[in-house]
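Written below as structure tokens is the structure these notes are about.
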Amino acid sequence: MSSTTGSLPENNLVDQKTKHYSFNSSDLLEIDPYLSPFLDEIDKRHSDYLKVKDSLTQNNKISLIDFSRDGYKNYGFNIDQENKSIALTEWAPNANEMFLIGDFNSWNENSHKMSKVSEYGHFKIEIPAVFDNNGVKDFAIPHDSKIKIMIILESGEKIYRLPTHVERATQPGRDTLNLFGPSYEGRFWNPPIEEKYVFKQPRPRKREDLKIYESHIGISSSKPEIGTFENFEENVLPKIIDLGYNCIQLMAIMEHAYYASFGYQITSFYAVSSRYGSPEDLKKLIDACHKKGIVVLLDIVHSHASKNVTDGLNNFDGSNHHFFHSIQSGRGEHPLWDSRLFDYSKYETLKFLLGNLAYYIDEYHFDGFRFDGVTSMLYKHHGAGFGFSGDYHEYFGECASVDVDAVTYLTLANDLVHEMLENGVTIAEDVSGYPGLALDTEIGGVGFDYKLNMAVPDMWIKLLKEIKDENWDMGNIVQNLTNRRYKEKVVCYSESHDQALVGDKTLAFWLMDSSMYTEMSILKPLSPVVDRGIALHKMIRLLTQSLGGEGYLNFMGNEFGHPEWLDFPTERNNQSYQYARRQYNLIEDDLLRYKHLYQFDKAMNHCEDKYKWLNSPQAYVSLKQESDKMIVFERNGLLFIFNLHPEASYTDYRVGVDIPGKYQVVLNSDRAEFGGHNRIDESTEYFTTNSSWCNRANYLQVYIPSRVALVLAKK
């Protein structure tokens, strides 16, 4: 989204700067002068955020960190390890009575009544230690035993729920008695001291060149099964390190009863999905990542919640407006996702969600978050059926449908992460181009470090699906890759995890389709389809990483052109796990060409790690030649040359470069080890000529074959 969309405001910008605002308006207008007519509205939103922050922190008597930690430490189960006592606190304003039941009291619905301790609907119970036959003090509730809350409504109706802050929820076993149907079972998680994982590694240093490996633990096994944290650590993490990624984004970690939701229909926000192992297993995995200096982000879902009742938050206290907007308001349900929508104006909702962030930072040592569904949060229409054009009136003014309470929550969330973590990272998944989303709060921004450049994957798929190679528009490709708001960092990616799902196609599938099953053997002659597919797969990924943003993301398996779609087990496929996996075994087969794509991805990342083009100033594009299908640009002192022509190769092709000197090849997509044809002599030295070319002070000449990308560095 360009900051130059629309026309300049007629009113005097200097006069606007002299007004007093709750944020630094001068710095904001230097970044985006088109926000000038909306400064008063931005000020109102920023002032609302400050007022809420003052309220939560009791006018700075406590910190936002203290408030948020209270949101998880004093709710749910509070365990006193020394005295072996247990306390449970819940907020349920619609409840008349509340009881804790479980294995520990033989599901007695009367023995452990919770006391109402506030007029706002807080209930609490304290359970002292018990003594065994030898007089040894122990917890009254055994570790990992089943628990539930029974609520009696004013009508006398009994309802059964999982605690809102439950830290463990498991699927009912076939050989265990489940008194409440097929829903997930709450567990009291309190392992013995000797079984608790203790973190050994410090958090990694700040990464200015995020290369993110988006990962789903469940599909990480090559076998048709649900993968585990342990398997990921042993078999996938070494590949991520080898490939040169420095950040892992973990999806589907928060507990979700429906596996096929890809982790986006959360039932228990404080529970790590039991499918993959124990909470201690996840801690061990994150510590292993930190040992290698890898940043670990959690794909956090605070945009909506599952409609599940018996094992979710929906109708927790018998009302439909507990943490959510009421159904009657028309804002309580997402129109497309069939899920419940949080009311971000509620004190207890803010405490629950901010506490959730603090919990994952404190308990699991996550280094930050990728916030899912930010577009849905920002707008009352949730972006459903709304095509954003970039007109600023879509974000401000009478025509805008912005949920200011959600803006406040997201700003508070960013404050919290950055106050808790010196090197914390926050990324927003937003398709709308909301101005200031990735700007500092001091200048009126929402405070994210990055936002996803979501238009780029759509561009590549559209090109591959609808337009022949010879008709690709070089200018349009460059425009889509560089069209982002000034000073707002973006994470760019060439394909998303959604495109790996059955019913859609990854880049590799669009490029090679069924040939991936029959023509990837190196024992067979290289077919034109596979030759084109391998060449363009490499070029698209390099072009995206080097030109498209300040961070880069890849979904697991896409780096080597995973040949199968992703299809979670459902009734439609007879609950099969055949396609709910990633076949990493393919890159270990020397007779298959998948290893070539893997090796190029590795070389690309390691080249970036050495020459640092990510998070450097945006590239200067000197050439977008339509007939030759050439794109040439410079970034951070490197010269990038792409020949996207399907047939033509060029000898002594002249390209402009600003810095004079002797250049050499540092990355060449045509190497045989990358599935190329070895047409480039990498020992060649390229000398600049002191003569202007394409608005650059110098030029050099190269041999650039068809469908090849070169990166040159000054020697």
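Could you list, in sequence order, the residues of the range 484-514 that are under 21 Å from the mean Cα position of the chain (by Cα) and either under 30 Å from L28 (Cβ atoms) or of a type in the set (V, I, T) (or both)?
R484, R485, K487, E488, K489, V490, V491, C492, Y493, V502, T506
Just for the range 478-533: of the residues that are of a type in the set (A, V, I, L, M, F, W, C) and closer than 21 Å to I212 by Cα, which one is surrounded by the most Cβ atoms within 10 Å (Cβ to Cβ)?
Looking at the filtered set, the residue picked out is V491.
For L542, which of the numbered conditions (1) open to solvent by 10 Å² or more (accessible area, probe 1.4 Å); (2) in a helix (DSSP H, G or I); (3) under 18 Å from R707 (Cβ atoms) fails to hold?
(1)
What are the pairs, 6+ residues apart or on separate chains, where a residue within the range 392-410 that is in contact (Cβ under 8 Å) with a residue 40 or more places away in the chain has its Cβ under 8 Å from a residue that is part of a loop (DSSP other than H, G, I, E, B) and among the aliphatic types (A, V, I, L, M)?
Pairs that qualify, where the first residue is in contact (Cβ under 8 Å) with a residue 40 or more places away in the chain and the partner is part of a loop (DSSP other than H, G, I, E, B) and among the aliphatic types (A, V, I, L, M), are V407/V446.
So, in the range 82-103, how many residues would count as being farther than 19 Å from N314 by Cβ, of a type in the set (D, E, K, R) and in contact with a Phe, Trp or Tyr (Cβ under 6 Å, 6 or more places away or on another chain)?
1
Counting just the residues of the range 199-229 that are open to solvent by 50 Å² or more (accessible area, probe 1.4 Å) and more than 22 Å from the chain's Cα centre (by Cα), which one comes out farthest from R541 (Cα to Cα)?
Result: K200.
Say whether the condition of being outside any helix (DSSP H, G or I), over 30 Å from E422 (Cβ atoms), without any contact (Cβ under 8 Å) to a residue 24 or more places away in the chain and out of contact with any Asp or Glu (no Cβ under 9 Å at 6 or more places or on another chain) is met by at least one residue in the range 51-73.
Checked the range 51-73: no residue is outside any helix (DSSP H, G or I), over 30 Å from E422 (Cβ atoms), without any contact (Cβ under 8 Å) to a residue 24 or more places away in the chain and out of contact with any Asp or Glu (no Cβ under 9 Å at 6 or more places or on another chain).
Sort out which residues of the range 664-677 are loosely packed, with under 13 Cβ neighbours inside 10 Å and either small (G, A, S) or touching a strand residue (DSSP E or B) at 6+ places or on another chain (Cβ under 9 Å) (or both), and write them in order of number.
Within the range 664-677, just A672 meets the criteria.
Return the residues of the range 217-230 that are out of contact with any Asp or Glu (no Cβ under 9 Å at 6 or more places or on another chain) and of a type outside the set (G, A, S); say none if nothing qualifies.
If the condition is that a residue be out of contact with any Asp or Glu (no Cβ under 9 Å at 6 or more places or on another chain) and of a type outside the set (G, A, S), then I217, I219, K223, P224, E225, I226 are the ones that fit.
If we scan the range 447-462, do we find a residue that is open to solvent by 20 Å² or more (accessible area, probe 1.4 Å), of a type in the set (D, E) and out of contact with any helix residue (DSSP H, G or I) (no Cβ under 9 Å at 6 or more places or on another chain)?
no
Residues that are of a type in the set (S, T, N, Q): which strands (runs of 3 or more DSSP E) entirely in the range 245-346 hold 1 or more of them?
Qualifying strands (runs of 3 or more DSSP E): 247-251, 268-272.
Table: residues versus (1) of a type in the set (A, V, I, L, M, F, W, C); (2) at pLDDT below 95; (3) surrounded by fewer than 23 Cβ atoms within 10 Å (Cβ to Cβ).
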site: S273; (1), (2), (3): no, no, no
site: L285; (1), (2), (3): yes, no, no
site: G293; (1), (2), (3): no, no, yes
site: G318; (1), (2), (3): no, no, yes
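Give me the pairs, please: first residue somewhere in the range 494-521 and under 13 Å from G561 (Cα atoms), second residue anywhere and open to solvent by 60 Å² or more (accessible area, probe 1.4 Å), beta-carbon distance under 6 Å, and either six or more positions apart or on two chains.
Once the first residue is under 13 Å from G561 (Cα atoms) and sits in the range 494-521, its partners that are open to solvent by 60 Å² or more (accessible area, probe 1.4 Å) give M512/V529; S515/V529.
Working only within the range 584-605, note down all residues that are open to solvent by less than 20 Å² (accessible area, probe 1.4 Å) and closer than 19 Å to K223 by Cα.
Y584, Y594
What are the pairs with Cβ atoms under 6 angstrom where one residue, in the range 197-225, is under 27 Å from H256 (Cβ atoms) and the other, located anywhere, is β-branched (V, I, T)? Sequence gap at least six, or different chains.
Pairs that qualify, where the first residue is under 27 Å from H256 (Cβ atoms) and the partner is β-branched (V, I, T), are Y213/I240; Y213/I248; S215/I248; G218/I226; S220/V236.
If you check I461 against the conditions, is it among the aliphatic types (A, V, I, L, M), in contact with a strand residue (DSSP E or B) (Cβ under 9 Å, 6 or more places away or on another chain), farther than 26 Å from S222 by Cβ and in a helix (DSSP H, G or I)?
No.
Could you list, in sequence order, the residues of the range 614-651 that are under 21 Å from V529 (Cα atoms) and outside any strand (DSSP E or B)?
K629, L644, H645, P646, E647, A648, S649 - these are the residues of the range 614-651 that are under 21 Å from V529 (Cα atoms) and outside any strand (DSSP E or B).
Specify the residue that is nearest to the chain's Cα centre (by Cα); the eligible residues are those in the range 423-442 that are open to solvent by 20 Å² or more (accessible area, probe 1.4 Å) and touching a residue at least 60 places away in the same chain (Cβ under 8 Å).
N423
The values are calculated or read from the model by the stated rules, or taken from the named source; none is laboratory data. All values derive from a computational prediction rather than experimental measurement. Quick reminder, even Gly has a Cβ in these numbers, built from the backbone with ideal geometry, and neighbours come from all protein chains shown. Quick note on the areas: whole protein, heavy atoms, side chains included, nothing else; ligands and nucleic acids left out. Shrake-Rupley method; radii C 1.70, N 1.55, O 1.52, S 1.80 Å.
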